[in-house]
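Taking it in order: structure first as structure tokens, then the write-up.
The values are calculated or read from the model by the stated rules, or taken from the named source; none is laboratory data. Values in this document were obtained by computation on a predicted structure and should not be read as measured data. Virtual Cβ from ideal backbone geometry, glycine too; neighbours counted across all protein chains shown.
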Amino acid sequence: MTPTAYANLVVDNHPVAFIGFPQVTQTDPVGTVTETQYYATADPTAPENGLPHHTEVQVGAIIRATQDNLDDLTTPTTWGTKPVPLLETRRSTTDENNTTRSFRTTYQYDSYGNLSQTTEYGEVRSDYTTDIPGDERTTASIYRSRITPTVYIVDHPVERSIYEGLQAIENQLAARTQFYYDGSATRLAIAGNCSKSGSGRAACGPSPSTSMMRSATRRA
């Protein structure tokens with residue numbers, strides 16, 4: 001059994017509604033402590049409510065923390081308010097010598113909510129804005145849409161490129177994969193069935209946006 005502690009209950013009084021606990025702490029049988037913080041505001045319609053934004057795991061003196069920053073939705077996205085887009089991930093690790101290393105990744109989306117660019121800064125200074133050069137990578141994805149009275153396809157990638165550094169520029173290209181669908185040589189999805197990738201494999205795999213967009217239905 002894993003003891004679980006809940007803290008800082010949030011409710012909405014107009015009318016009375018249970019929002020959730022913004023902090024949950026679990027301690028497993030070997031003493032590993034996991035503290036998770038959730039978005040929880042007194043607005044029951046807020047799409048980010050119930051989504052985790054900070055996780056800290058402590059094993060002895062070693063602490064690993066992850067901070068996820070979601071879109072605050074003050075300016076609605078073109079695809080609405082759900083799912084809530086993840087804009088940035090900040091990670092840190094503190095070892096037994098109290099040495100902390102920090103890492104940062106940012107995300108961008110196209111007008112349909114597909115993950116169009118991932119920028120991995122790698123290791124950064126503790127302020128998370130000053131990069132430590134040498135381990136940066138950018139992944140850019142291109143999608144083509146097909147919308148007809150009977151077909152609505154907007155989330156199939158046709159090209160994914162990996163670049164060295166923090167910009168998607170051709171002279172820093174490290175790898176590129178192109179995706180083909182339904183036997184088409186133009187990479188335009190008609191039914192959405194993957195034919196092959198540029199490397200000759202028979203399956204394209206899911207759109208990368210699937211794992212990056214957060215469902216707004218989870219509650220703490």
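Note down all Cβ pairs under 8 Å where the first residue falls in region 82-103 and is free of Cβ contacts under 8 Å to residues at least 24 places away in the same chain, the second is acidic (Asp, Glu) and in a loop (DSSP other than H, G, I, E, B), and they're at least six residues apart or on different chains.
LEU87/ASP71
Checking ALA42 against (1) over 25 Å from the mean Cα position of the chain (by Cα); (2) small (Gly, Ala, Ser); (3) within 24 Å of VAL84 (Cα to Cα): exactly one of these is not met. Which one?
(1)
Condition check: touching a strand residue (DSSP E or B) at 6+ places or on another chain (Cβ under 9 Å), assigned to a loop (DSSP other than H, G, I, E, B), modelled with pLDDT of 85 or more and among the aliphatic types (A, V, I, L, M). Does LEU188 satisfy that?
So LEU188 does not fit the description; no.
Just to be sure, is ALA216 at pLDDT 65 or above, in a loop (DSSP other than H, G, I, E, B) and either polar (S, T, N, Q) or crowded, with 16+ Cβ neighbours inside 10 Å (or both)?
no
Kindly evaluate THR130 against the criterion of being under 24 Å from LEU51 (Cβ atoms) and at pLDDT 90 or above.
It is false that THR130 is under 24 Å from LEU51 (Cβ atoms) and at pLDDT 90 or above.
In region 21-34, what count of residues is obtained for those that are surrounded by 14 or more Cβ atoms within 10 Å (Cβ to Cβ) and out of contact with any strand residue (DSSP E or B) (no Cβ under 6 Å at 6 or more places or on another chain)?
Going through region 21-34 one residue at a time, the tally reaches 0.
Take the residues of region 121-172 that are acidic (Asp, Glu) and within 30 Å of SER92 (Cα to Cα): which is surrounded by the fewest Cβ atoms within 10 Å (Cβ to Cβ)?
ASP127
For region 44-57, which residues satisfy the criterion of being farther than 23 Å from ARG91 by Cβ and either surrounded by 13 or more Cβ atoms within 10 Å (Cβ to Cβ) or aromatic (Phe, Trp, Tyr) (or both)?
PRO44, ALA46, PRO47, ASN49
Suppose the filter is in a loop (DSSP other than H, G, I, E, B), over 16 Å from SER92 (Cβ atoms) and either modelled with pLDDT of 90 or more or among the polar types (S, T, N, Q) (or both); does THR75 pass it?
So THR75 fits the description; yes.
Any chance region 26-33 includes a residue that's more than 22 Å from LEU70 (Cα to Cα) and acidic (Asp, Glu)?
Yes; the residues of region 26-33 include at least one that is more than 22 Å from LEU70 (Cα to Cα) and acidic (Asp, Glu).
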